[in-house]
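The values are calculated or read from the model by the stated rules, or taken from the named source; none is laboratory data. Values in this document were obtained by computation on a predicted structure and should not be read as measured data. Virtual Cβ from ideal backbone geometry, glycine too; neighbours counted across all protein chains shown.
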Amino acid sequence: MRFSEAFIFTSKDAPSDATIPSHIYLVRGGFIQSVGAGLYNFLPLGKKVLDKIKTIAKEELDKASCQEVDLAFVTPSELWKESGRFEKYGKELLRFKDRKDAEFVLGPTHEEMMVNMVRQYVKSYKQLPLNLYQIKYKFRDEIRPRFGLMRGREFLMKDGYSFHKDEEDMVKNGFSKMEETYSNIFRRLGLDFRVVDADSGAIGGSGSKEFMALADSGEDTIVVCKGCSYSANIEAAKRVAKEAPKYEEGEEVEMGYGKFQTPNIKSIDDLANFFHIDKYHTIKAVAKKALFDDGVEKIAVFFVRGDDELEETKATNAVNANELIDVSEEELKEAGLVPGFIGVENLPDNVLSVIDNELKGEGTLISGANEEDYHIIGVQLPDYGDFYKDIVTVQEGDICSCCGKELYYTKGIEIGHIFQLKDRYSKPLKAEFLDENGKSKPFMMGTYGIGISRLLAAVIEQHHDDKGCVWTKATAPFDVEIIVSNIKKEDELNLGEKLYTNLQEQGIDVLLDDRKERFGFKIKDYELLGIPYAVIVGKKVADGIVEIVDRKTLQKQEVSIDEVESKILELTK
Ligand code: ATP
Ligand code: MG
């Protein structure tokens, strides 16, 4: 490609809403163009990178015997009603009607469509397992589209779905195989990533893993162990239960049981100070409004230790809600609660409550009395009950339940997600097959996603400097750029043209900067675009010398004209 003819428009100015490097450089470099909140056009450079990523994904998926399909983007609502997700999905799901008043959704994910397709053809265990995928635009009306390609509303996803005769086969030939395949894809792209335990939502269990590209700008917090390979999204992280603080001998905490007047003592800090006790021995109540299907709302109160924080995703799953939102003091009072004094005993019946697992069986705790200006000390919590769930946020310094070492936080970008769906969709959609004994059973399924367009952003978050993009070999829009320093100089232009033709003939993808611009301008563009190598054809051509630039280090190396082609072939191998 000749730069002089290319549809490449670079800019010095970053978009006003851009805060992270990938957003800034992808727009400034003319890879993508914003057309509205969370909507982007891919320009030729961006499209080339996107295609490279797609090709790598496709090659690895095909190796793993996955078959590519392409399902309709517009999905009849009926299917979403069959699975029960039409109501549950919330406002991210774009629902609309056609001229005949038929209802549709724009696919934010395709479980229903895929199950519907397979159930019509696959009737016997002999036709299993199956792993079908597509690389297709998705639409999610995200509440806060931001960070460029990182969180778009329309975005390109690889979504795959596997169908199996039983759970064992799903784990072996679906889930585990995809874990390996996804790892191969991300490794080939040149990403530094981790596979972490993830939230499995209402399905529960440990059947969900996320692939996280490590980056400070990542929106996800990952809990990682200093001693072993344990890592989990904070939404699913586990720890060894906190130990009671050590008091001097003879000063063990003992509490009788009783109601105490605690005027205006509303915060955990005030409470701990008032009773001269560690926050460990207090109970914090966090009240939220839980939203369910069909517009049903309920107040939910979550109880954790005073020195702990509530983890919202865990809490949402604990009450099986679609979402938790903030609740006002007025709403709490209307529900019969006393803000600042909410406690585990004597809660009004209309309020949902969950107590953190680690409080099970405790007897030395102080909690609100559900009465203005009163707390109860010595609250006894039974060591049984289905109101106990894991709802705490694992904190840095907490202890790993696998090896006993300390846990710490790091940030990640979710680039992929694999999930053991089991019969979550096949059951309601009655997608069944006949097993070896002639018995009808729902398919055991797995679902697997990769954020293909988000990957462009992830690569740049990990590979950039203060001048622009530094693409990895596998993702770069071109292998090499030839910069003719001054096109008015015949010998420079001629050599540039010759190298351009020769390298292309040898299968190298070359961008030839043959524009009538100053050298300084061209090199700035080169640095912004981030092509792995450049050949500068400048003044020293007369002495038989050109320069090779390594984009990563920005180091220049003089090479003789005779050697430059073989050198580039070697570097780009
Ligand atoms: P997130 O937690 O980031 O919102 P998700 O868990 O809702 O993502 P999945 O349903 O697991 O996303 O989708 C599969 C993959 O699609 C994700 O792992 C992510 O890489 C990508 N993806 C999801 N939402 C977006 C988005 N709004 N923009 C770009 N990529 C996205
Ligand atoms: Mg996910």
Check on Val379, assigned to a loop (DSSP other than H, G, I, E, B) and surrounded by 15 or more Cβ atoms within 10 Å (Cβ to Cβ): yes
Of those in segment 128-155 that are under 25 Å from Asp62 (Cα atoms) and within 8 Å of ligand 1 (Cβ to nearest atom), the residue farthest from the chain's Cα centre (by Cα) is Lys138
Filtering segment 19-46 down to residues that are aromatic (Phe, Trp, Tyr) and part of a loop (DSSP other than H, G, I, E, B) yields Phe31
Residue pairs qualifying under the 7 Å Cβ cut-off, at least six apart or on distinct chains, with the first in segment 449-473 being at pLDDT 95 or above and the second being more than 14 Å from ligand 1 (Cβ to nearest atom) and hydroxyl-bearing (Ser, Thr, Tyr), are Val459/Thr472; Val459/Thr475; Ile460/Tyr25; His463/Thr472; His464/Tyr25; Gly468/Tyr25; Cys469/Tyr25
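Rundown of residues vs (1) assigned to a loop (DSSP other than H, G, I, E, B); (2) in contact with a strand residue (DSSP E or B) (Cβ under 9 Å, 6 or more places away or on another chain), yes/no style:
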position: Leu429; (1), (2): yes, yes
position: Ala457; (1), (2): no, yes
position: Thr472; (1), (2): yes, no
position: Leu512; (1), (2): no, yes
position: Lys524; (1), (2): no, yes
Condition set closer than 19 Å to Ile234 by Cα and not hydrophobic (A, V, I, L, M, F, W, C), scope segment 323-358, selection modelled with the lowest pLDDT: answer is Glu323
Among the residues of segment 365-408, the number that are of a type in the set (Ser, Thr, Tyr), within 40 Å of the chain's Cα centre (by Cα) and over 18 Å from Glu309 (Cβ atoms) is 2
Those residues of segment 391-400 which are touching a residue at least 60 places away in the same chain (Cβ under 8 Å) and in a loop (DSSP other than H, G, I, E, B) amount to Ile391, Thr393, Val394, Gln395, Asp398, Cys400
So, first residue modelled with pLDDT of 95 or more in segment 82-100, second residue surrounded by fewer than 17 Cβ atoms within 10 Å (Cβ to Cβ) and assigned to a strand (DSSP E or B), Cβ within less than 9 Å, six or more apart or across chains; the pairs are Arg95/Glu103; Phe96/Val74; Phe96/Glu103; Lys97/Glu103; Asp98/Val74
Scanning segment 536-554 for residues that are of a type outside the set (Val, Ile, Thr), closer than 18 Å to Gly520 by Cβ and out of contact with any Pro (no Cβ under 8 Å at 6 or more places or on another chain) gives Gly538, Lys539, Lys540, Glu547, Leu554
Residue set Val49, Val105; condition of a type outside the set (Lys, Arg), buried (at least 18 other Cβ atoms within 10 Å of the Cβ), at pLDDT 95 or above and not in a helix (DSSP H, G or I); output residue Val105
Matching residues in segment 146-168 (out of contact with any Asp or Glu (no Cβ under 7 Å at 6 or more places or on another chain), within 16 Å of ligand 2 (Cβ to nearest atom) and in a strand (DSSP E or B)) number 6
Asn322 fails exactly one of (1) more than 26 Å from Tyr89 (Cβ to Cβ); (2) surrounded by fewer than 20 Cβ atoms within 10 Å (Cβ to Cβ); (3) in contact with a Phe, Trp or Tyr (Cβ under 7 Å, 6 or more places away or on another chain), namely (1)
A careful count of residues in segment 414-444 that are closer than 30 Å to Ile185 by Cα and out of contact with any Ser or Thr (no Cβ under 6 Å at 6 or more places or on another chain) gives 11
Expected single match for within 16 Å of ligand 1 (Cβ to nearest atom) and either touching a residue at least 40 places away in the same chain (Cβ under 8 Å) or of a type outside the set (D, E, K, R) (or both) among Glu414, Glu358, Glu406 is Glu414
For segment 531-555, pairs from a residue that is surrounded by fewer than 20 Cβ atoms within 10 Å (Cβ to Cβ) to a residue that is part of a loop (DSSP other than H, G, I, E, B) and among the β-branched types (Val, Ile, Thr), with Cβ under 6 Å and 6 or more apart or across chains, are Lys552/Val470
Note on segment 220-267: residues within 23 Å of Val394 (Cβ to Cβ) and in a strand (DSSP E or B) are Asp220, Thr221, Ile222, Val223, Val224, Cys225, Ser231, Ala232, Asn233
Check whether at least one residue in segment 401-423 is surrounded by 21 or more Cβ atoms within 10 Å (Cβ to Cβ), outside any strand (DSSP E or B) and away from ligand 2 (no atom under 16 Å from the Cβ), and report yes or no.
-> no
- request: Take Ala198 and decide whether it is out of contact with any helix residue (DSSP H, G or I) (no Cβ under 8 Å at 6 or more places or on another chain), closer than 27 Å to Glu59 by Cα, touching a residue at least 24 places away in the same chain (Cβ under 8 Å) and within 14 Å of ligand 1 (Cβ to nearest atom).
  value: yes
If we keep only residues of segment 428-473 that are away from ligand 2 (no atom under 16 Å from the Cβ) and of a type in the set (Ser, Thr, Tyr), then the residue surrounded by the fewest Cβ atoms within 10 Å (Cβ to Cβ) is Ser440
